1. Determine, yes or no, whether ALA113 is of a type in the set (Gly, Ala, Ser) and surrounded by 14 or more Cβ atoms within 10 Å (Cβ to Cβ).
2. Which condition number in (1) at pLDDT 95 or above; (2) touching an Asp or Glu at 6+ places or on another chain (Cβ under 8 Å) is the one that PRO59 fails?
3. So VAL47 clears everything in (1) more than 18 Å from ALA113 (Cα to Cα); (2) touching a residue at least 24 places away in the same chain (Cβ under 8 Å) except one condition, right? Which one?
4. Can you tell me which residue is modelled with the lowest pLDDT among those in the stretch 100-111 that are of a type in the set (A, V, I, L, M, F, W, C) and over 12 Å from TRP53 (Cα atoms)?
5. With respect to GLY21, determine if the residue is on the phi > 0 side of the Ramachandran plot, in contact (Cβ under 8 Å) with a residue 40 or more places away in the chain and not in a strand (DSSP E or B).
Amino acid sequence: MLEASAVDAIAMPIVKCSACGALDPGPREICPKCHQSTLQPATVPGVGKLVSWTLIRRPPAQYREDGQYAVAIVRLDAGVQVTGRLKDPSEAIKPGARVRAVAPVRGTVLFVAY
């Protein structure tokens, strides 16, 4: 059973190999595990553990209006590792913290700790 905070997580778009079942954050055309061109769009729950995060203090020009933001690496419970943004980062949020995807933002996804 999912924890109450995880229930509100959005689904994460990924690709799944129909030949070997490998999951990948994509986009790509060839499976990195079996090298077949049988990747299909799929989704998995957007809940997992924070692997690492860093604060971007000087954003590139196209993101300058956002001000500083945090980029996170998350290992989803489904087994695939993805990158996204981390909402309200603080020194209290450590690797291993549980996070959930809550909203799409600028071509990626926003994660929050719970």
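1. Values: of a type in the set (Gly, Ala, Ser): yes; surrounded by 14 or more Cβ atoms within 10 Å (Cβ to Cβ): yes.
So ALA113 fits the description; yes.
2. For PRO59, the exception is condition (1).
3. (1)
4. Let us first name the residues in the stretch 100-111 that are of a type in the set (A, V, I, L, M, F, W, C), namely 101-103, 105, 109-111.
With the extra rule that they be over 12 Å from TRP53 (Cα atoms), the set shrinks to 101-103, 105, 109-110.
Working: ALA101: 97, VAL102: 96, ALA103: 94, VAL105: 90, VAL109: 94, LEU110: 96.
Only one residue tops the list, namely VAL105.
5. Values: on the phi > 0 side of the Ramachandran plot: yes; in contact (Cβ under 8 Å) with a residue 40 or more places away in the chain: no; not in a strand (DSSP E or B): yes.
Criteria not met by GLY21.
Every residue, every condition in (1) more than 20 Å from ARG106 (Cβ to Cβ); (2) crowded, with 18+ Cβ neighbours inside 10 Å; (3) under 11 Å from the mean Cα position of the chain (by Cα), yes or no:
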{"position": "PRO25", "(1), (2), (3)": "no, no, yes"}
{"position": "PRO32", "(1), (2), (3)": "yes, no, no"}
{"position": "THR38", "(1), (2), (3)": "yes, no, no"}
{"position": "LYS49", "(1), (2), (3)": "yes, no, yes"}
{"position": "THR54", "(1), (2), (3)": "no, no, no"}
{"position": "PRO60", "(1), (2), (3)": "no, no, no"}
{"position": "ARG75", "(1), (2), (3)": "yes, no, yes"}
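The values are calculated or read from the model by the stated rules, or taken from the named source; none is laboratory data. None of the values given here were measured: they were computed from a predicted structure. All Cβ positions, glycine included, derive from the backbone under ideal geometry; neighbour counts span all protein chains shown.
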